[in-house]
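Peer 1: Here it is, the structure, as C-alpha cells.
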Number of protein chains: 2
Amino acid sequence: MTGAIPVGLSGRPVRVGLDVGGTKIDAVAVSPDGDILARLRRPTGWGEEAVVVSIIDAVDALAVDGGFARSAVESVGVGIPGLVDADTGRVLHAVNLGVESLDLAGLAGRQLGIPVRVENDVKAAALGAAVLRGVDGSMAYLNLGTGVAAGIVIDGTIWRGARGTAGEVGHLSVDPNGRLCGCGQRGCIETFCGGGALARAWDRPGALPVRDILDAAEAGDERAAGLRADLFHGAAAAVRALVLSADVERVIIGGGLTSLGERLFAGVRRALQTGAEASPFMRSLHLDDRIELLPAGSPAAAFGAAVVGATTPSKEIVSHG
Amino acid sequence: MTGAIPVGLSGRPVRVGLDVGGTKIDAVAVSPDGDILARLRRPTGWGEEAVVVSIIDAVDALAVDGGFARSAVESVGVGIPGLVDADTGRVLHAVNLGVESLDLAGLAGRQLGIPVRVENDVKAAALGAAVLRGVDGSMAYLNLGTGVAAGIVIDGTIWRGARGTAGEVGHLSVDPNGRLCGCGQRGCIETFCGGGALARAWDRPGALPVRDILDAAEAGDERAAGLRADLFHGAAAAVRALVLSADVERVIIGGGLTSLGERLFAGVRRALQTGAEASPFMRSLHLDDRIELLPAGSPAAAFGAAVVGATTPSKEIVSHG
C-alpha cells in the first residue's frame, strides 16, 4: 500500500490517473488502498480532439492491461500542462499539446461515462509525491524537466495561492546577466536548470543532452562543466526560493531530469552545502537535509492525477450534504 | 474604526501594542473596535533588562497620554526583531537590542500584571497592515528598512511556514556578482534595497542616506542613479519572489524607506512594469497593480502588535472549551 485515496460513493474498485505530457501519457490504475494495479505509457495525440481520443484510449488500454472493465472505474483524473481550471476541468494554452481551449473534463467525461477531473500536471504530481512519500506537513514538488516549476502541497491539499502561480519559481531571475529565457526575462532559474535551456546552450546532437553534459563535464569539457554548475546552481536557487518564501518543510525533486539519479541529487546537495558554508543564516536552514529525489520513472504524476480524480470537489460535498 | 480586534474575557477597554525597534518603541493603545486611542514613541533601552524596563515605561506613558489606568489594559502585544517563539514569548538573538535570550512575555507580564504576547516585528506589522488595509485573502507585508524581510498573512492569520522563515525573501540572491551581504551570500535582495546596504554602498555622511541617494540621482549623480536603480530593482525582485513562490494576492510595502513616499512607490512600480514589458508571463501577473505603499509613519507595526496581544492563543481556546 502506498497511501489510501478517497473512496467514492459508487464503490467501484478502480481509480485511473493520467499524466498527459507533450509526447506521452503515463497512465495508472489505482485501488482505493493506493496500490497501483496497472501502469502503461502511450503516445499523446496533437490537437484538442486527438488529446481527448488519446485519453479515452489510454483508459481502455489500461483496463485491458489491468484485467478490469471500464465500468469498474470510479473516477478518472488527468494531469496536463497549461492553465487548468480545476473546478470546471477546462484547459487553456497547453501549447505543447496544440490545445488552445478545451473542455477536457466535459468531453472526456461524457465519452467515458465516468467523472473526469483535471489538474495542472505539476500540481497533480506534487499531490502524488506527497501521498507516495507520506508527507504530512508542507512540501514543494520541484519539477526539473524541459521547464522548471514547483507545486506546493500543505496538509495533503494542493496549495494554489491567490491566482494559481504558487510555486512558479522557474521564472524568478537569479542573474541579471544570465541567458535569455523563453518567458522574455534574463537569468530565470529555468535558464539554469531547465532541460530545454541546457540543451539549447549545449547545442550538440544527442537524445539526452543533460546526461551528455554531465558525461562531458566528467571527461573534462570546460563548457560542459559550466553548464553542469548552472544545473546544480539553478536547482539550489529554486530550493532556496521555495523555503525562503513559502517555507515548505521538504522539497521533493521530480521530473525528467531525475533520470540523472544520484549525480543530480549529489550535485544539488553540494550546491546547497557550498552556499551554506558562506552563510550562517543559510546554514541554520539545513536545506541539504530537506531535499529528496524521486526515483527515475516515478509514477508520482499519474498517481497524483488518480488522487485528483478521486477527490470529490467541495461543491459536490455541499450539494450532497 | 480601522478594523475590529478580538475582545478578551475581562472586558477591559484597552489593548496596547508596542513595536520595539533598535532605537525607539512605537506604542499604541487600541479600543476593541480598532480605534487608536493614543500613540507615542519612546527610546528603547539596550540589553535584556533595559528592554523590559522600556516596555513597562512605554505602557505607563501611554496610559498617562491616553487618560486610562493600567488596570484598563486587557492585553499587551510586543513586536520585536529577532527569533521569537510566539507560543512562549521568548526572544532570541535580537542583536540590535543587545538581547541574546529573554523571557519577555513572562518578565513583562509579571511586572505589568497584564498578559503579554510577543511576535517577530515584521510578522506583527504584516498582521497590522492586513487589518488596517482590510485585506481578506492573502498578502505579504514587505518591510524595506535597514534590512529587508516580509511577513505573510492569509485569511487574517500570520502564516509562519514550516520553520518560521516564510517571507524571508531578503536573503534570496538575485545576482551572483552582486554586493556581499551581511548574511555571507552575494547579491541578496537586501543588498539591493536594504537601507543599511545602500547606506554602506553610498558611504557619504547624512542622516537619511537613501533620501540623499535619490536626491543626488535626480541631480545627475551617476553612482547615485545606479544605487537608485538597485533599490527599485531589489524591491521589484522581492515582489516577484513573493508572488511566484507564495502567490499572495497583494504586497504591501512598509518600513523605514516608506518615508521616501511616492518616489519609492513610483520607482518600484516602474521596475515591475519594465520587467513585464519584456515578458508576457510577467505581464499576465499584473504585479504593478498588486502592490501598495503604507504611508510614512504608519502605525501598522504597533497596531499589529496590539492585535497579537489581543489574540487568545489556540491552546487557551482549547482549555476553555
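Peer 1: Within the range B:244-265, identify whether any single residue is touching a Leu at 6+ places or on another chain (Cβ under 6 Å), among the hydrophobic types (A, V, I, L, M, F, W, C), under 19 Å from A:VAL174 (Cα atoms) and within 10 Å of chain A (Cβ to nearest Cβ), and answer yes or no.
Peer 2: yes
Peer 1: For the range B:151-169, how many residues are β-branched (Val, Ile, Thr) and facing chain A (nearest Cβ under 8 Å)?
Peer 2: Going through the range B:151-169 one residue at a time, the tally reaches 2.
Peer 1: Same structure again: Please find, among B:PRO280, B:PRO313, the residue that is surrounded by fewer than 19 Cβ atoms within 10 Å (Cβ to Cβ), assigned by TED's automatic domain parsing to the domain that holds B:PHE232 and modelled with pLDDT under 95.
Peer 2: That would be B:PRO280, the only listed residue that is surrounded by fewer than 19 Cβ atoms within 10 Å (Cβ to Cβ), assigned by TED's automatic domain parsing to the domain that holds B:PHE232 and modelled with pLDDT under 95.
Peer 1: Only one of B:LEU92, B:LEU83 is farther than 18 Å from B:PHE303 by Cβ, in contact with a Ser or Thr (Cβ under 6 Å, 6 or more places away or on another chain) and surrounded by fewer than 16 Cβ atoms within 10 Å (Cβ to Cβ); which?
Peer 2: Going through B:LEU92, B:LEU83 in turn, the sole match is B:LEU92.
Peer 1: For residues that are over 16 Å from B:GLY267 (Cβ atoms) and away from chain A (no Cβ under 14 Å), scanning just the range B:222-243, find the one that is surrounded by the most Cβ atoms within 10 Å (Cβ to Cβ).
Peer 2: Selected residue: B:ARG223.
Peer 1: Out of all the residues in the range B:36-56, is one or more closer than 22 Å to B:PRO6 by Cα, surrounded by 19 or more Cβ atoms within 10 Å (Cβ to Cβ), small (Gly, Ala, Ser) and in contact (Cβ under 8 Å) with a residue 24 or more places away in the chain?
Peer 2: No, the conditions are met nowhere in the range B:36-56.
Peer 1: Taking the condition of being more than 14 Å from B:GLY79 (Cβ to Cβ) and of a type outside the set (Asp, Glu), how many residues in the range B:100-119 meet it?
Peer 2: Looking only at that region, the number is 11.
Peer 1: Within the bounds of the range A:152-165, is there any residue that is in a strand (DSSP E or B), in contact with a Phe, Trp or Tyr (Cβ under 6 Å, 6 or more places away or on another chain), modelled with pLDDT of 95 or more and buried (at least 24 other Cβ atoms within 10 Å of the Cβ)?
Peer 2: Within the range A:152-165 (the criterion being in a strand (DSSP E or B), in contact with a Phe, Trp or Tyr (Cβ under 6 Å, 6 or more places away or on another chain), modelled with pLDDT of 95 or more and buried (at least 24 other Cβ atoms within 10 Å of the Cβ)), the answer is yes, since at least one residue qualifies.
Peer 1: Now a separate question. Among B:LEU144, B:LEU180, which is the only one that is assigned by TED's automatic domain parsing to the domain that holds B:SER245 and buried (at least 20 other Cβ atoms within 10 Å of the Cβ)?
Peer 2: B:LEU144
Peer 1: Would you pick out the residues in the range A:166-208 that are assigned to a loop (DSSP other than H, G, I, E, B) and either under 18 Å from A:VAL251 (Cβ atoms) or hydroxyl-bearing (Ser, Thr, Tyr) (or both)?
Peer 2: Those that are assigned to a loop (DSSP other than H, G, I, E, B) and either under 18 Å from A:VAL251 (Cβ atoms) or hydroxyl-bearing (Ser, Thr, Tyr) (or both): A:ALA166, A:GLY167, A:GLU168, A:LEU172, A:VAL174, A:GLY194.
Peer 1: If you go through the range B:118-141, how many residues are buried (at least 24 other Cβ atoms within 10 Å of the Cβ) and touching a helix residue (DSSP H, G or I) at 6+ places or on another chain (Cβ under 9 Å)?
Peer 2: 15
Peer 1: Considering every residue within the range A:292-306, establish whether at least one is in a helix (DSSP H, G or I), modelled with pLDDT of 95 or more and surrounded by fewer than 21 Cβ atoms within 10 Å (Cβ to Cβ).
Peer 2: no
Peer 1: Right, here's the next one. Quick one: B:VAL148 ticks every box in (1) within 17 Å of A:ASP247 (Cα to Cα); (2) within 11 Å of chain A (Cβ to nearest Cβ); (3) in contact (Cβ under 8 Å) with a residue 60 or more places away in the chain except a single one, so which number is it?
Peer 2: Evaluating B:VAL148 over (1) within 17 Å of A:ASP247 (Cα to Cα); (2) within 11 Å of chain A (Cβ to nearest Cβ); (3) in contact (Cβ under 8 Å) with a residue 60 or more places away in the chain leaves (2) as the failure.
Peer 1: Considering only residues that are among the β-branched types (Val, Ile, Thr) and surrounded by 16 or more Cβ atoms within 10 Å (Cβ to Cβ), look in the range A:10-35 and name the one that is farthest from A:PRO299 (Cα to Cα).
Peer 2: My answer is A:VAL14.
Peer 1: Filter the range B:270-297 for residues that are out of contact with any Leu (no Cβ under 9 Å at 6 or more places or on another chain) and either touching a residue at least 60 places away in the same chain (Cβ under 8 Å) or closer than 30 Å to B:ARG41 by Cβ (or both); which is farthest from the other protein chains (Cβ to nearest Cβ)?
Peer 2: Out of the qualifying residues, it is B:GLY297.
Peer 1: Kindly indicate which of B:LEU208, B:LEU172, B:LEU198 is buried (at least 19 other Cβ atoms within 10 Å of the Cβ) and away from every other protein chain (no Cβ under 14 Å).
Peer 2: Residue meeting the stated conditions: B:LEU198.
The values are calculated or read from the model by the stated rules, or taken from the named source; none is laboratory data. Because the structure is a prediction, the values reported are computed rather than measured. Note that we place each Cβ from the backbone using ideal geometry, even for glycine, and neighbour counts take in every protein chain shown.
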